[in-house]
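The structure appears below as structure tokens.
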Amino acid sequence: MRAETLARLLVLGLAAAAVGFPLAARQRPPLLHARLAEQGGWAPDVLRAEAGQPLTVRLTSDDVLHGFGVGRTDFEAVLVEPGKVTEVTLTFDQPGIYTYYCTVWCGLNHWRMRGVIEVRGSDVQAGAPTPPLYAQLGIDIDAPHPAETTPAERPNALAAPVVALEFSFDQYAAASPAQLWSSLGNQPGLENLTDAQRWDLVAALWARQTSPAALAEGETIFRQDCAACHGPQGAGDGLYADDLASAGQAAMQGLAGAPDMLMQSPPDWQDPAILLGASPALLQGKLLRGGMGTGMPMWGAIYTDEQLWHVVAYLYTLQMDYP
Amino acid sequence: MTLALASVALAVILIPAPAAAAPLERFFRVGAGQYAFTPASLRANPGDTITIELHSTDVTHGLYVDGYDVSAEAQPGQPAALTFIASRAGVFRLRCSVTCGTLHPFMLGRLVVGPNWTLARAAALAGLAVLAAPLTLRKAAE
């Protein structure tokens with residue numbers, strides 16, 4: 001009789017353990033594995049959270065050193081090391097879809113390592129989101145945009161003639177420096193300016209839209225995330241530029257199954273005809289959306305609009321001098 | 001004879017190394033790619049100020065100098081530099097300090113600071129021992 005009671009207790013205990021252990025394991029914060037993009041990237045690549053509720057995630061790497069950052073938030077990126085578990089806690093005030101991404105150059109397809117956090121909440125913002133500026137202006141950001149005229153010398157904002165001229169942000173965003181240069185020629189009161197003076201005036205108007213602090217932030221972002229492909233001087237000769245044309249194409253086929261997709265090398269911004277023919281809205285659109293089939297990542301999910309405008313302002317300093 | 005050998009051995013151990021050349025500022029541009037440093041061997045004299053600029057040619061790499069405990073980490077497009085004074089003579093291992101891929105543990109280089117007097121002395125002593133062996137054996141036979 002006693003033996004039978006023991007046996008019953010044993011069976012009951014085992015059954016409780018079989019249900020209890022998995023239940024207990026589910027109570028622990030999810031473990032997020034970081035893997036090279038070629039090995040599948042983040043696993044899992046979707047996390048769910050409630051607005052205002054803390055979300056705790058444990059991070060580990062299955063291969064090399066990775067980083068974990070969350071786009072468009074103040075969250076400071078952490079390193080994700082193989083063989084270690086890092087725990088982070090995130091809190092989202094606003095519902096929406098947030099992107100987490102790798103912050104360490106881990107391989108050729110480093111920028112394909114992304115995942116999303118779906119944050120649900122009660123206060124759903126009404127109305128459709130506003131379309132980005134390039135779409136509002138109807139700019140085709142994939143079309144070539146060569147400048148019709150280029151300056152003989154580097155435009156310098158400090159050498160510009162002093163003129164009282166209204167120049168709003170919308171005017172700045174919509175026209176390329178070359179277009180503005182042409183339209184300034186028809187402006188009453190500016191007919192006497194030489195070509196070089198008009199270019200200097202364009203640089204001065206560009207300088208009004210930014211600040212030294214904003215340019216410094218734009219430069220930091222450029223060095224960190226753009227220089228590897230676009231080159232430290234923006235000449236399109238970065239380390240990965242060659243890989244994009246060769247290995248990148250194969251990578252695209254594997255990921256998207258589109259054999260006709262051609263990878264492009266980055267443009268040479270040391271050529272004034274290319275950079276001065278691009279309007280700020282066009283450059284911001286390219287940053288925001290990324291290049292379909294060019295290997296250019298979509299930055300809209302990572303950087304805030306303000307940060308993207310800072311990068312745009314920095315890019316023009318490759319062709320114009322302004323403080 | 002034994003006395004002569006012993007005094008030579010003592011001399012080998014005790015004679016100070018010739019004075020090193022005047023300290024220089026040395027600059028090395030080291031490329032780091034999977035899974036090697038180029039150049040992999042750096043040479044300096046004791047007392048030199050060494051600056052190593054690390055350029056990554058593919059993914060994030062680091063450079064750690066054994067014995068000096070200094071390191072730098074470079075991302076592609078963002079070179080990193082480290083400067084230190086080569087105060088210790090000898091041969092030191094350079095290692096990648098960022099887990100960069102499957103063969104990361106084998107991404108090594110070396111830093112040679114000054115002629116390796118310890119090794120030279122050890123070799124001289126070993127040579128002396130070889131010389132001394134037949135002499136002592138003959139003595140034992142007598």
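The values are calculated or read from the model by the stated rules, or taken from the named source; none is laboratory data. Since the structure is predicted, the reported quantities are computational estimates derived from the model, not experimental observations. For neighbour counting, all protein chains shown are included, and Cβ atoms are generated from backbone atoms with ideal geometry for every residue, glycine included.
One table, with the values for the structure above:
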item	result
Residues satisfying the stated conditions in segment B:22-44, i.e. assigned to a loop (DSSP other than H, G, I, E, B) and either of a type outside the set (Gly, Ala, Ser) or within 14 Å of chain A (Cβ to nearest Cβ) (or both)	B:PRO23, B:LEU24, B:GLN34, B:TYR35, B:PRO39
Hey, A:ALA159 more than 19 Å from A:LEU283 (Cβ to Cβ), crowded, with 19+ Cβ neighbours inside 10 Å and either at pLDDT below 90 or not charged (D, E, K, R) (or both) or not	no
Evaluation of B:GLY47 against (1) at positive phi; (2) more than 14 Å from chain A (Cβ to nearest Cβ); (3) more than 19 Å from the chain's Cα centre (by Cα) (one fails), failing number	(3)
Residues of segment A:78-103 satisfying the condition of being away from chain B (no Cβ under 14 Å), hydrophobic (A, V, I, L, M, F, W, C) and in a loop (DSSP other than H, G, I, E, B)	A:VAL85, A:PHE92
Within segment A:162-173, tally of residues that are modelled with pLDDT of 90 or more and more than 20 Å from A:THR317 (Cβ to Cβ)	2
Positions within segment A:225-245 being of a type outside the set (A, V, I, L, M, F, W, C), at the interface with chain B (Cβ under 9 Å from one of its Cβ atoms) and more than 25 Å from A:TYR172 (Cβ to Cβ), in sequence order	A:GLY231, A:PRO232, A:GLY238, A:TYR240, A:ASP243
Qualifying position, being in contact (Cβ under 8 Å) with a residue 60 or more places away in the chain, farther than 17 Å from A:PRO144 by Cβ and surrounded by 19 or more Cβ atoms within 10 Å (Cβ to Cβ), among A:PRO272, A:PRO280	A:PRO280
So B:ARG110, is it of a type in the set (D, E, K, R) and either in contact (Cβ under 8 Å) with a residue 60 or more places away in the chain or within 14 Å of chain A (Cβ to nearest Cβ) (or both)	yes
Residue in segment A:111-133 that is within 14 Å of chain B (Cβ to nearest Cβ), farther than 27 Å from A:MET320 by Cβ, of a type in the set (Phe, Trp, Tyr) and in a loop (DSSP other than H, G, I, E, B) present	no
Flag for A:GLY115 being under 20 Å from the mean Cα position of the chain (by Cα), small (Gly, Ala, Ser) and crowded, with 18+ Cβ neighbours inside 10 Å	yes
